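Here's the structure we're looking at; comments come further down.
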Amino acid sequence: MGQIVITVNEQNYTLACRDGEEDRLMELSKYVNSKAETLTKSMGQVGETRVLLMASLLLADEALDTMGKLDKARAKAKKAAEARIESKTGGDAEASAMAEIKVATLLSEAADAIEGIAAELENA
């Protein structure tokens, strides 16, 4: 069992974790601390509990936004897959070509959405 000390909002916390999880917990704590620091700079020191609560709400907001974007990207990918299946089962060459274009467009949009989400997560 591993153990690390993290600092959030100028407070040290000792956490137990499974072996090998230390680096990830340090990375997560730094991200939480950055949110807490941003809040403290904008509002002043309003108390540890309130800062951590507000940081938690900011993180939850980011997570829900990201999940919503991923759901939209998945829906586009599903539409593309369905269109591809439809194009393979139809016998009309023109309709099949149009379906292939639709598939390519939907896949491109899904890829763009996923790349946008990844960029947001990198910059957060």
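Bear in mind these aren't lab numbers, they're just calculated from the coordinates by the rules spelled out. A quick note: this is a predicted structure, and the numbers were derived from the prediction, not measured. Here Cβ is always computed from backbone atoms with ideal geometry, including for glycine, and neighbour counts include all displayed protein chains.
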Q.
Can you tell me the mean projection area, over all orientations, of the convex hull of the stretch 1-85's alpha carbons? Units nm², please.
A. 7.9
(Q) I'd like the per residue volume of the convex hull spanned by the Cα atoms of the stretch 1-46, given in cubic angstrom. (A) 51
**Q.** Packing rank of 47-59, 17-29, where each peptide gets the mean count of other beta carbons within 10 Å, highest leading
**A.** 47-59, 17-29
Q: At 0.36 nm per residue, minus the direct Cα-Cα distance, what do THR7 and ASP71 gain on full extension? Give it in nm, one decimal, please.
A: 19.7 nm
(Q) Give me the one-decimal nm value for the distance between modelled label points at ASP19 and LYS79, 7 Å along each residue's Cα-to-Cβ direction. (A) 5.0
(Q) What's the ranking of 109-115, 31-37 by average number of surrounding C-beta atoms within 10 Å, highest first? (A) 31-37, 109-115
